[in-house]
Amino acid sequence: MRDTKAIRVIEVDSLSYKYPKGPTYSLKDVNFQVDSPRFVAIMGPTGAGKTTLAMTLNGLIPQLFEGDLEGYISVMGMDTQRFRVQTLVSKVGLVMQDPETQIFGITVKEDVAFGPGNIGLDAKKIRERIDDSLRIVRLTGYEDRFTSELSGGEKQRLAIAGILAMDPEILVLDEPTSELDPLGREEIYKAIDNLQRERNLTILAVEHSSEDVAERADEVIVVNSGAVVWRGYPRDLFCNVPLTREFGIRPPQVCEFGWKLHELGYIKSSDVPLTIAEAAELARTLLAPAAGPLKAQPPVAPTPVAPTRSSPPAAVLVKDLEHDYGNVKALRGVNLEIAKGEFVALIGQNGAGKTTLVKHFNNLLKPTRGTVYIDGIDTTGQTIGSLSRRVGYVFQNPDHQIFCSTVREEVGYGLRHSGLLEEEAAQRVQAVLEFVNLQGVADRHPFTLGKGERQRLAVASVLAMRPNILVIDEPTTGQDWIGAEHMMGLVKNLHESGHTIIMITHDMRIVAEYAERVVVMHRGRIVADGTPSEVFSQRDMLREAYLTPPQISQLATELEDLGMPSGITTVDEAVAVVSRALTVGLSGDIRDQRTCGGID
Amino acid sequence: MFLEYVPGKSPVHKLDVRAKIVAFICLITALFLFKHPVYNVFILLSVVIIALVARLPFRRLWGMLAPLVPVFVMIMIITGYTYPASTFSSPEARQVLFYSWPGKRLPVSTGGILYGFTLLLRIITMVASSSILTLTTPLGDFLQLLRILRVPYEISFVITTGIRFVPTMEAKSAMVLDAQRSRGAMIDTGGMVQRIKAYVPIMVPMIVDSIRMSENLACAMLNRGYGATRDWTTLQKIEMARRDYVVIAAAIVITAIAVVMAQRGYGAL
């Protein structure tokens, strides 16, 4: 796609690596080459060895992390085992997942200057590099801002700028967007697009979001259990849905849509679309003859709202709630009623007020003005402890609360102050452990558990208090597809067992698939409230709140003129609409017989 | 206090860190030369003028001093009692103001009160002048000074990184605290021992998280070429301008005059 001549920039030859205390090899006989300039995505489930691979590329492995390394890695012709990391970083820059630990400066400018300063560039040159790298990541004008006051997305872009200032020829990004909100992600990808346009840079990105990869990557490398199991064009991977499933990668929704149509026999497997534009074109070709019947279809029946809405009192009732942090108005008059047993997704940009709102439900924050009622009880005058029996709050990072030496103790911690008899408490702990399926590891040390298990442990420790209302903060952030599905399975079970679920999330697919009701927040106010299909069809509102609906809803909008109902939120709905239109079109309408026959 | 650097373009901001430190040392020296509060009032006034020139947020300065007011009152009272008239040389200072106990006991001398006042002025002047120094000088300038003094890079790196991580750790501890309280932890109740025990659930996750962070930090340092060369560059080189030399000279001359005056007996009590 660019007119520069391809040069071999990375060469990995029979690379195997085992961490000093690792039980098995984290990388097994990895071989690949990368020619510049390219955008290569590295995908695969958690624990596959993607981060380990990224760290071998600039010599962190085996120079900082020792262990057994076999094989040969060269970047820009330099053997990573023979040159120091500090020398290699001018050739290959590595941006890691957590921006917090990659920022060294107190101001933005000082931080970008850290790298170039370390390699001894002169001040004039450093200033040029600061200007240049901040411009690429779109942080121009932030030079004198304090790094501690940046948002998560801005921090991540600053981390990228800090690496770009070293002027590397290869940029390795390890899950640069997995912890960010949609706007943050979008900004990171704009920065990456800028980079590709302006510099002849080779980019390797570890990324879970197949939709972002599909739009940009020239190539995909799939890593699983420490080995490269697949390599090729994004199209060949994502449009082959069974293959992505085999690798534990969630395919883009439009690919799933296409694949289902293929399974129904409407299209060839080679016609499965990769992007929204392709999917729209495909649908147009398919539906053009059937346009009449499609228009005549009734709109998708809205998902029924929780039937229990009538039973008073409401689980949560918020009246004219305002909250100020100093001079900053975080909530500006929120009114909300959540009935018992509802499953509500709370969405919106970071800083929109979602977390501030839910922290009022268990008194972590007190209203500046307004009132919050839980099960009909005014929270004023209640303690966090007493509310913890009504409202359970599951935080995003389980490691922020785990401190006991066994799983069982951890779950029982909250009960110590509850005045329960020891025997009764033990029974309750056992029941909760069984519910989250951790009974087998009850006596293990929590930190020997995997991330998914630790997260279930965090849920369990909240469930021990037997709250009926559960606030769950970003349950799937930073997880791969399988991890996210497991977690959501647990949330679904909790909902089915009668809990009221209030979930904060940035993943619109999860919202569409699981939530009954969506509440959108923007700048301290609720700007929309309804079923997923009602909310995701309000394009203008979503754009203003910086939210992007799921791919399949975007496709539905593209096809609105064909009569596609705008409330479509899942792949199955879209497939159903199209196939119904096609069956009607193919069997009934004589006028269209001729053209339809041509499709097969 | 280093965190509180207030960017600005005042003449005080523009001064080199070395000139500011010399002037600061001279000022403190002068402060300790005179025992009579009138002289120290003049010194404090000059500091206030400098603060005005630097356009410092007075409200914040007052915020730092306000909690100390009870201490100030205590100092006045204690010096009033503990410095008997005999310790002063001038006749007016030797005057006994009053006796607080019948039978000429526990005397309070004029000198004692005046000296208490001087101590007070010294504290205020020191707080104010050191605040001017830190509020008008970016951390980077201090670090460069360390570099000129041949202090190893590692030390200034530790200082900056330490300061940089203060807000991060604050945010993390708030998160951990929220998480524990949400599942029924009682952090703010009970006696001393119970309270200390209650902090275990906060400290353990914090320490575990810090260890994880330090490992990432080590990676990130290498990723940014830390230790590539001994001759690292900083963005701004501190440079002495004419005004800096003028300020240093003025500070030294004024302090010298003050020393001579003090020796001649001015400002004694």
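At a glance:
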quantity	calculated
Unit Cα scatterers, Debye sum, region A:307-550: log10 I(q)/I(0) for q = 0.07, 0.13, 0.15 Å⁻¹	-0.23, -0.81, -1.06
Distance (nanometres) between label positions extended 7 Å along Cα→Cβ at B:I28 and A:E424	6.3 nm
Descending Cα extents along the principal axes, region B:1-64, whole Å	36, 27, 20
Whichever lysines have a C-alpha closer than 18 Å to that of A:K190, once near sequence neighbours (fewer than 8 apart) are set aside	A:K155
Furthest towards positive pole of dipole, A:I42, A:G353, A:T177, structure part chain A, Cβ charges	A:G353
Orientation-averaged projected area, Cα convex hull of region B:41-190 (nm²)	16.6 nm²
Trypsin sites (Lys or Arg not before Pro) lying in DSSP loop within region A:41-94, provided at most 14 other Cβ fall within 10 Å	A:R82, A:R84
A:D131 versus A:N200: modelled label distance in nm, points set 7 Å from Cα along the beta carbon direction	2.4 nm
Ellipticity estimate at 222 nm from DSSP helix runs (n ≥ 4, -39,500 (n - 2.57)) divided over chain A, nearest 500	-10500 deg cm²/dmol
Chain A: relative contact order in percent, alpha carbon pairs under 8 Å with at least 6 residues between	14 percent
Placed amide H near A:V334: partners under 5 Å, 5+ positions off or other chain	A:D320, A:L321, A:E322
The protein assembly as shown: mean projected area of Cα convex hull, nm²	46.7 nm²
Principal semi-axes in Å for region A:221-263 [√(5λ), Cα gyration tensor, largest first]	20, 10, 7
The protein assembly as shown, dipole about Cα centre (Lys/Arg Cβ +1, Asp/Glu Cβ -1), debye to the nearest 20	4000 debye
Charge dipole (the protein assembly as shown, unit charges on Cβ, about Cα centre) - positive-most of A:L134, B:H13, A:P549	B:H13
Links that overshoot a 23 Å alpha carbon limit, given the list A:K18/A:K91; A:K91/A:K124; A:K50/A:K354	A:K18/A:K91; A:K50/A:K354
Averaged over A:120-127, number of beta-carbon atoms from partner chains that fall within 10 Å	3
Of the GluC sites (Glu not before Pro) in region B:166-269, those whose Cβ has at most 13 other Cβ within 10 Å and which sit in DSSP loop	B:E239
Distance in nm between pseudo-label sites at A:T285 and A:N437 (7 Å out along the Cβ direction from Cα)	4.2 nm
Distant-in-sequence amide H partners of A:A227 (H built 1.01 Å from N, under 5 Å)	A:K28
Whole-number percent relative contact order across region A:328-443, with pairs defined as alpha carbons under 8 Å at least 6 apart	16 percent
Region A:380-391 - phi-based ³J(HN,Hα) in whole Hz, Karplus 6.51/-1.76/1.60, Gly and Pro as x	4, x, 7, 9, 4, x, 6, 6, 5, 7, 10, 10
Simple Cβ-charge dipole of region A:307-550, Lys/Arg +1 and Asp/Glu -1, about Cα centre, in debye nearest 20	540 debye
Cα shape, region A:398-459, gyration tensor, a/c 1.5 rule	prolate
Among A:A288, A:V520, A:G77 the positive-end extreme of the charge dipole of chain A (Cβ point charges)	A:V520
Sequence-distant aspartates and glutamates (8 or more away, or on other chains) whose Cα lies within less than 20 Å of B:K20	B:E4, B:D141, B:E239, B:D244
Antiparallel %, DSSP beta bridges [both residues in chain A], to 5	55 percent
Antiparallel DSSP beta bridges within region A:7-246, percent to nearest 5	55 percent
Cross-link reach list, aspartates and glutamates versus B:K197, counting only Cα pairs under 14 Å and skipping chain neighbours closer than eight places	B:D188
Other protein chain Cβ atoms within 10 Å, averaged over every residue that makes up A:56-64	2
Volume in Å³ per residue [convex hull over Cα atoms, computed for region B:163-223]	90 Å³
Shape of chain B, Cα gyration tensor, a/c cut at 1.5	oblate
Beta bridges per DSSP with both ends in region A:307-550, % antiparallel, nearest 5	55 percent
Equivalent ellipsoid dimensions for region A:7-246 as semi-axes, Å, which come from the Cα gyration tensor, largest first	28, 21, 16
Cleavage-rule hits (chymotrypsin sites (Phe, Trp or Tyr not before Pro)) in region B:1-102: DSSP loop, at most 11 neighbouring Cβ within 10 angstrom	none
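Values in this text are rule-based calculations from the coordinates and carry no lab data. Please read all numbers here as calculations on a predicted model, not as lab measurements. Counting neighbours? That spans all protein chains shown, and the Cβs are built from the backbone with ideal geometry, glycine included.
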